[in-house]
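Q: Handing you this structure, nothing more for now.
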Amino acid sequence: MSLLLTLIAILVSLLLFVARRRHGYWQRRGIPHDVPHPIYGNMKDWPKKRHIAMIFRDYYLKYKSSDYPFAGFYFFFTRSAVITDLELVKRVLIKDFNNFENRGIFYNEIDDPLSATLFSIEGQKWRHLRHKLTPTFTSGKMKNMFPIVVKVGEEMEKVFSAKTATGQGQVLEIVDLVARYTADVIGNCAFGLNCNSLQNPKAEFVAIGKRAIIERRYGGLLDFLIFGFPKLSRRLRLKLNVQDVEDFYTGIVRNTIDYRLRTNEKRNDFMDSLIEMYEKEQAGNTEDGLSFNEILAQAFIFFLAGFETSSTTMGFALYELARNQDIQDQLREEINSVLGKHNNEFTYEGIKEMKYLEQVVMETLRKYPVLAHLTRMTQTDFSPEDPKYFIAKGTIVVIPALGIHYDPEIYPEPEVFKPERFTDEAIAARPSCTWLPFGEGPRNCIGLRFGLMQACVGLAYLIRGYKFSVSAETQIPMKIVVKSILLSAENGIHLKVEKLSK
């Protein structure tokens, strides 16, 4: 027993020594930073007290006036640099991209194929995959998928009509309803499925989708290892996704590919493009083709990104419009005016003409960027002329998008919802890299045009036909789910919805 206690004491002492050594890095460098917790580093408040984006936002606002372009930070035992200088943000995302192209996050393409997405993979594999997928998201492809989005928008309008048929106005939980809209859009475009979740709230596709976002394979017990030591986690063959979630999406993609190849069906959607690349790979053209697992991972991330980000953005937009009736009225006037020029039909060109709608969505994404911080990892020592900019190889670099979005020197009165911040003139007057909901540079979000199109069509349908206002159940101020990586509203968004007479 005494030997066991001695060994435990030695192990604990060794761990504390390693922790102190790791947590002394920024102090030895003379870089400003908060004193780290022995285990959690600077992450002690997450995931119980504060959202991770709020931690980075407050860090940015605290240290942005220091003499250094970044502040030291510890993600558990992993050293990180939180960027506080816009010029350095530009260098990381654009000018010196080759040294910062990887995100340094977990993926395991062998044991956990759903994790090997365009968002997470690294190096040459990422460059090849990005090159192959870029043609999938051209404006021409968006236009081809537009009728699918409009058809689902019509179904969403019918659901809202049924729920407000009394004419008295109903208090509805908005996020769930618009999430079913985005799920049906993505189900059609990414998997070729008519999910029908707008009519069936218990649809399996949506239920599994929510589980894919919320649940983790080990119940969060190994988060510190997976997020803090992604390479070690890969060597240990850890997995991020729950097995039945993986089985569900694997089955859907396999069945969709088999059916379309057997029937030669073409739908002008995302899956069509993936299947074309799959056929090339099967024919031996690995340079231009994609394997089944590669298709599986990209279809999965397309669903997660389109489902969660677009529905959350629509929910936050409706929340702000409900609180700002003058903005809602102005937006409705624009929507009706543009539709009037297009025979009261939703067209791809018409949505592009709705400039104020675009400004509303962009301002929503400023206040509520769904992924509110960006990460990159240095491939080699970053050694510009000024030594205070030095960042060692292997350091995680954090760009606190939410902090930049709430910087009063960039966006005066950042808490106020002002779509006019995004007129062409206002955008031109601001420095670049100050609006980052989709990232920036070569590794920005490849599906940003699709996400914006989906959100704009859905909002146009709703604002045209309904008035949204706050109710006694509306949470003011908004509370954010702190344990999530993404920004989302705690307990949903409840608004009063009234059908407008035509």
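Q: Mind checking which lysines have their C-alpha under 21 Å from LYS44, skipping anything on the same chain fewer than 8 residues away?
A: LYS62, LYS479, LYS483
Q: Could you give the semi-axes, largest first, of the ellipsoid that matches the chain, computed as the square roots of 5 times the alpha carbon gyration tensor eigenvalues and rounded to whole Å?
A: Each semi-axis is √(5λ); the values are 38, 29, 23 Å.
Q: Expressed in nm to one decimal, what extension gain is obtained for the pair ASN264 and GLU276 from 0.36 nm per residue of sequence separation less their Cα-Cα distance?
A: Answer, rounded to one decimal: 3.2 nm.
Q: Something else: If you take the beta carbon distance between ASP67 and LYS352 as r and set R0 to 60 Å, what does 1/(1 + (r/R0)^6) give as a FRET efficiency, to the nearest 0.05? If you can, show how the numbers build up before the last one.
A: Values: r = 45 Å, r/R0 = 0.75.
Efficiency, rounded to the nearest 0.05: 0.85.
Q: Enumerate the aspartates and glutamates that LYS132 could reach by cross-link, defined here as Cα to Cα under 14 Å, with residues fewer than 8 away along the same chain left out.
A: Here the aspartates and glutamates satisfying the reach criterion relative to LYS132 are ASP272, GLU276, GLU279, GLU281, GLU287, ASP288, GLU294.
Q: Which order, highest average first, do 263-274, 470-481, 342-353, 90-101 follow once you tally other Cβ atoms within 10 Å for each residue and take the mean per peptide?
A: Top to bottom by mean Cβ count within 10 Å: 90-101, 263-274, 342-353, 470-481.
Q: Same structure again: Between ALA207 and GLU385, what's the calculated FRET efficiency when r is the beta-carbon distance and R0 is 51 Å? Round to 0.05.
A: E(calc), rounded to 0.05, equals 0.40.
Q: Starting from the Cα of LYS163, draw a straight line to each of the lysines and keep only those under 20 Å, dropping any in the same chain fewer than 8 residues away.
A: The qualifying lysines are LYS151, LYS202, LYS467, LYS496, LYS499, LYS502.
Q: State which entries of LYS141/LYS352; LYS143/LYS355; LYS239/LYS280; LYS210/LYS418 exceed 23 angstrom in Cα-Cα distance in the structure shown.
A: Over 23 Å apart, Cα to Cα: LYS239/LYS280; LYS210/LYS418.
Q: With labels modelled as points extended 7 Å from the Cα through the Cβ direction, what inter-label distance (nm, one decimal) is found for SER2 paired with ASN255?
A: Going by the 7 Å Cα→Cβ label model, 6.6 nm.
Q: Quote the FRET efficiency, to the nearest 0.05, computed for ALA429 versus ARG237 with a Förster distance R0 of 51 Å and r equal to the Cβ-Cβ distance.
A: 0.50
Q: Still on this structure, I have one more. Would any residue of segment 67-96 have its amide N under 20 Å from a label point 7 Å out along Cα→Cβ of VAL35? List them or say none.
A: In segment 67-96, the label zone of VAL35 (backbone N under 20 Å from the point 7 Å along Cα→Cβ) covers 71-80.
Q: Ok, one more. At 0.36 nm per residue, and after removing the present C-alpha to C-alpha distance, how many nm does the segment from ASN293 to MET478 gain when stretched out fully?
A: Between ASN293 and MET478, full extension yields 62.7 nm more.
Q: In addition: Please turn the phi angles of segment 62-77 into ³J(HN,Hα) values with the Karplus equation 6.51 cos²θ - 1.76 cosθ + 1.60 (θ = phi - 60°), one per residue in order, whole Hz, x for glycine and proline.
A: Result, ordered by residue: 6, 10, 5, 9, 6, 7, 10, x, 7, 10, x, 8, 10, 8, 6, 9 Hz.
Q: Could you give me D for segment 1-133, from Stokes-Einstein at 20 °C and 1.002 mPa s, where the hydrodynamic radius is the Kirkwood radius over C-alpha pairs? Units µm² s⁻¹, please.
A: After rounding, the answer is 121 µm²/s.
Q: Grab the alpha carbons of segment 183-267, take their convex hull, and tell me the volume per residue in Å³.
A: Given the Cα convex hull of segment 183-267, per-residue volume reads 121 Å³.
Q: Starting from the Cα of ARG21, step 7 Å along the direction of its Cβ; do the same at THR138; then give the gap between the two resulting points in nm.
A: Result: 5.4 nm between the two label points.
Q: Please sort by residue number the chymotrypsin sites (Phe, Trp or Tyr not before Pro) in segment 211-250 whose DSSP state is loop and whose Cβ has at most 14 other Cβ atoms within 10 Å.
A: Sparse-neighbourhood loop chymotrypsin sites (Phe, Trp or Tyr not before Pro): TYR218.
Q: Could you size up the charge dipole of segment 50-499 around its Cα centre, putting +1 on the beta carbon of Lys and Arg and -1 on that of Asp and Glu, and report it in debye to the nearest 20?
A: Once rounded to the nearest 20, the dipole reads 660 debye.
Here, each number is a calculation from the coordinates, and none is a lab measurement. Since the model is a prediction, treat every value here as computed from it, not as a measurement. For neighbour counting, all protein chains shown are included, and Cβ atoms are generated from backbone atoms with ideal geometry for every residue, glycine included.
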